[in-house]
Amino acid sequence: MKMPKVVIAILNWNGKSWLQKFLPSVLATQYPNFEVLVIDNASTDDSVDFVTENYPQVAQVLNDKNYGFACGYNEGLKDISGDYFAILNSDVEVTPEWLDSMVDLLERNPDIGACQPKLLAYNEKNSFEYAGASGGFIDWYGFPFCRGRIFDTSEKDSGQYDEARPVFWATGAALFIRVKLFEEHSGFDADFFAHMEEIDLCWRLQNAGHQIWVEPKSVVYH
């Protein structure tokens, strides 16, 4: 049986140093059917030439200006086909099997529209990372928080949030989503430019009857 195709999409803007540091871990992904796509937001450094010369196997989409995070991904992904998008920050180190458990979760559960891995801190790998930790929620007052991180306080990871479960939002730093749903819901709301766009998208997916989950078997470092 053919494995679902995953497009790992990395948005870049003058981030050559991040690509140098973290792209090797992405290319070492062991899932058997993936491609890496760098979406460039009109960088003025030599990011594009660096990728072209050093990683010819990596596809690139060159946006004509800096559209920000939300619209940058929308523009870069509008003509890209696949079964799943793995939307990944350029400053994230992934583990070799990070895709396998997330693909398996969504393949076994058609009601799940998107999910995220466990995010740990790159510089303190036994602690949760601010951007998404182990799945996001919103409190009564509209403040977003995560299992493992509330405001500026991040917990040590001792396995306390290791069960896969529904959450309210999955982090845009490592968002795994069905391509069909990303397209049906017009991707991110470009009005957000950057920040909170993933919460809005996950909210819209839930309003349409789709679940959002975290799969802590998958681990990345941010």
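What's the FRET efficiency of ASP104 with GLU124 using the Cβ-Cβ distance as r and R₀ = 45 Å, to the nearest 0.05? With R0 = 45 Å, the Cβ-Cβ based efficiency is 0.95.
Each Lys and Arg adds +1 at its Cβ and each Asp and Glu adds -1 at its Cβ; summed about the Cα centre, the stretch 60-119 shows a dipole of about 200 debye. By the rule of a C-alpha distance below 28 Å, with chain neighbours fewer than 8 residues away ignored, the lysines paired with LYS65 are LYS16, LYS21, LYS78, LYS180.
Calculate the FRET efficiency for SER186 and LYS65 from the Cβ-Cβ distance with a Förster distance of 22 Å, rounded to the nearest 0.05. Don't jump to the answer; show the numbers that get you there.
On the way: r = 20 Å, r/R0 = 0.89.
According to the calculation, E is roughly 0.65.
Rounded to the nearest Hz, the phi-derived 3J(HN,Hα) couplings of the stretch 183-198 under the Karplus curve 6.51 cos²θ - 1.76 cosθ + 1.60 (θ = phi - 60°) are 6, 4, 9, 6, x, 7, 7, 5, 4, 6, 6, 8, 6, 6, 5, 6, where x marks glycine and proline. Computed from label points 7 Å out along Cα-Cβ, the spacing between GLN30 and ASP79 is 3.6 nm.
Projecting the Cα atoms of TYR141, PRO166, LEU120 onto the charge dipole of the stretch 47-186 (Cβ charges, centred on the Cα centre) puts TYR141 farthest toward the positive pole. Extension gain, THR44 to LYS21: 0.36 nm times the residue separation minus the Cα-Cα distance gives 6.4 nm. Apolar share of the accessible surface for the stretch 110-222: 55 percent from carbon plus sulfur atoms, 1.4 Å probe. The label point for THR153 and the one for HIS195, both projected 7 Å from the Cα toward the Cβ, are 2.2 nm apart.
Determine the calculated [θ] at 222 nm for the chain from helices alone, applying -39500 (n - 2.57) to every DSSP H run no shorter than 4 residues and normalising by the residue count; nearest 500 deg cm²/dmol. That comes out to -7500 deg cm²/dmol. Amide H contacts for ALA59 (H built 1.01 Å from N in the peptide plane; partners 5 or more residues away or on another chain; cut-off under 5 Å): VAL36, VAL38. Under 5 Å between amide hydrogens, built in the peptide plane, is the criterion, and for LYS217 it picks out nothing among residues at least 5 positions away or on other chains.
The values are calculated or read from the model by the stated rules, or taken from the named source; none is laboratory data. This structure is a prediction, so every number in the text was calculated from the model and none was measured. Note: ideal-geometry Cβ built from the backbone for every residue, glycine included; neighbour counts use all protein chains shown. What goes into the accessible areas is simple: the full protein's heavy atoms, side chains included, and nothing from ligands, DNA or RNA. Shrake-Rupley method; radii C 1.70, N 1.55, O 1.52, S 1.80 Å.
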